[in-house]
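Report on the structure given below.
The values are calculated or read from the model by the stated rules, or taken from the named source; none is laboratory data. A quick note: this is a predicted structure, and the numbers were derived from the prediction, not measured. Positions of Cβ are backbone-derived with ideal geometry, glycine not excepted, and every protein chain shown enters the neighbour counts. The accessibility values were calculated without ligands, DNA or RNA, using every heavy atom of the protein model including side chains. Shrake-Rupley method; radii C 1.70, N 1.55, O 1.52, S 1.80 Å.
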Amino acid sequence: MHNTSHVLDAIRLARDGFCVTRSEFPEDLRAALIADAGRHTFTTPHAHVGGAFSMTSLEHQDRAPGRASGWIGDAASAAGLGAFAPNEASYQRYLPGGNGIPPHRDQRYYASYIAIITLQGTATFAIHASRNHRDVVEQWTTQPGEVIFLRGWQPGQPHDPRPYHRIDPPVDVPRLMFQLRHNLAASTPPSPLLAELTDTEVLQAAELAATRPAQRT
């Protein structure tokens, strides 16, 4: 049986589109992810995206990203959030004085929900009711080891459950984060939900998944 705080996590994720888990991310695993990130080359996707980005692999379950994926799946289940099977992992680094990300939603090809783990540094993270920068629902300062869950796209609902969220640049030291998502284009077999997306969305998802675009029906 889930305790009261875990039930509240699940309720908040369903109602507000986000929650911050009360489970403490393991310090040794956080250090392993930081070391893994140091072996990657970070690039800036385009001028309007804050920070620099690098994909990593979940192929080897004994390596840091794979172990982190397993821990997140267990934490999500314990918090009553339901099954989470991420198939895409990435790092993002923000520098002091650099660009953050204005209020936005993650792309529709990310289903279920998204996990964000702060590995190093602090920054303001905010949930918005719209793309308006002043339309703040809640904001706080992320800390190393904090795990945030955001709802992903789910078709057939009267309202899109994806929350608008904003990430400000860190004030003093770089902030490094690790993200886990379920990319519909990386599903095996191909997800039938791909048929609900636009051609552009499918191509973007397939490029990130490093796969050929799935056959649409």
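A few remarks follow.
- Sole exception among (1) within 17 Å of the chain's Cα centre (by Cα); (2) at pLDDT below 90; (3) open to solvent by 20 Å² or more (accessible area, probe 1.4 Å) for Leu58, by number: (2)
- The number of residues in segment 42-55 being at pLDDT 90 or above and open to solvent by 50 Å² or more (accessible area, probe 1.4 Å) comes to 1.
- Scan of segment 140-168 for residues that are within 18 Å of Tyr94 (Cα to Cα) and of a type outside the set (Phe, Trp, Tyr), ordered by number: Thr141, Thr142, Gln143, Pro144, Gly145, Glu146, Val147, Ile148, His165, Arg166, Ile167, Asp168
- The criterion of at least 1 residues that are more than 14 Å from Phe18 (Cα to Cα) and open to solvent by 20 Å² or more (accessible area, probe 1.4 Å) is met by the following strands (runs of 3 or more DSSP E) wholly inside segment 134-217: 136-142, 175-183.
- Here Ala75 meets the list (1) under 24 Å from Pro189 (Cα atoms); (2) open to solvent by less than 40 Å² (accessible area, probe 1.4 Å) almost entirely, failing just condition (1).
- Residues that are in a loop (DSSP other than H, G, I, E, B) and surrounded by fewer than 21 Cβ atoms within 10 Å (Cβ to Cβ) within segment 103-120 comprise Arg105, Asp106, Gln107, Arg108, listed in sequence order.
- Test for Arg22: is it among the basic types (Lys, Arg) and either modelled with pLDDT of 85 or more or open to solvent by less than 20 Å² (accessible area, probe 1.4 Å) (or both): no
- Positions within segment 81-101 being under 17 Å from Ile114 (Cβ atoms) and part of a loop (DSSP other than H, G, I, E, B), in sequence order: Leu81, Gly82, Ala83, Phe84, Ala85, Pro86, Asn87
- Verdict on His40 being touching a residue at least 40 places away in the same chain (Cβ under 8 Å) and part of a loop (DSSP other than H, G, I, E, B): yes
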